[in-house]
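First comes the structure, then the notes that go with it.
Here, each number is a calculation from the coordinates, and none is a lab measurement. Please read all numbers here as calculations on a predicted model, not as lab measurements. Because the Cβ atoms are built from the backbone with ideal geometry, glycine has one as well, and the counts that use them run over all protein chains shown.
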Amino acid sequence: MRAIQIIHDEHRSLAAVLHGMLFLVRQMRYAGAEPNFDVLAAMVHYIDVFSERFHHPKEDQYLFRLLRLRHPDAIPLLAKLEDEHKMGAEKIRALEQALDHYQQGDTTKLPAFAAAAAAYAAFHYGHMRAEETEVLPLARIHLTASDWEMIDAAFTSHADPLVGVEAGIEYEKLFRQIVNLAPPPLGIGPTS
Ligand SMILES: [Fe+2]
Ligand SMILES: [Fe+2]
């Protein structure tokens, strides 16, 4: 069940970036900090590609697909979470747009970007919580040893072109880029 640990780790990476984004937004809104568009854009990009292209496909195609087969009572829950994966793609576009409008020089757009960031973060935190507190406990009970072999292989594979470890290394680089760009206390980037 290495996949369970990996899912928790991936959620933690996403949560760290969401938390960082909200922190920067608060600093901009209430402490007069200048917007650091490089960091904000890197954060939004990371959340987009890491969740859309890397994390959600593995959940949909391995964990959710097998849990549907083994425990049909979970179908409504899994359908809701799959819908959220699709909605997440739209919501992240809205967040990108809000950041774009703000970056194009109109400081009156900060509240709209702040609202989009807060809404996206709340949505994604709720989604991850449901997976950790509802899906994973059911998966532990109902999936078979051979299911876990397949899921673990997908989550740790070097070969799978969709979700391979090489893709994971790319996302780690992106994450490190955020840490290098973000000012303390979030990262180790320049303070102004
Ligand atoms: Fe998910
Ligand atoms: Fe997830």
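The packing ranking of peptides 45-51, 142-148, highest mean first, is 45-51, 142-148, where packing means the average number of other beta carbon atoms within 10 angstrom of each residue.
Note the angle between two axes, namely the Cα long axis of helix 2-30 and the longest principal axis of the Cα atoms of the chain, as a number of degrees from 0 to 90, rounded to the nearest 10. Approximately 20 degrees, to the nearest ten.
So what's the angle, to the nearest 10 degrees on a 0 to 90 scale, between helix 110-130 and the longest Cα principal axis of the chain? Roughly 20 degrees, rounded to the nearest 10.
Cross-link partners among lysines for Lys109, C-alpha distance below 28 Å, same-chain residues fewer than 8 apart left out? Straight-distance partners of Lys109: Lys86, Lys91. Under the criterion of Cα pairs below 8 Å and six or more residues apart, the relative contact order for the chain equals 29 percent. Angle, helix 165-181 long axis vs. longest principal axis of the chain, Cα atoms, 0 to 90°, nearest 10? Computed tilt is about 20 degrees. Derived scalar couplings between HN and Hα for the range 67-73 equal 5, 4, 5, 7, 9, x, 4 Hz in order, rounded to whole Hz, by the Karplus curve 6.51 cos²θ - 1.76 cosθ + 1.60 (θ = phi - 60°), x for Gly and Pro.
Going Cα to Cα from Lys58, which aspartates and glutamates come in below 12 Å? Please leave out same-chain ones fewer than 8 positions away. Cα-Cα hits under 12 Å: Glu10, Glu82, Asp152, Asp160. Per-peptide packing, taken as the mean over residues of other Cβ atoms within 10 Å, places 57-69, 175-187 in the sequence 57-69, 175-187 from highest down. Relative to the Cα centre, the charge distribution of the chain, modelled as +1 at Lys and Arg Cβ and -1 at Asp and Glu Cβ, gives a dipole magnitude of about 380 debye.
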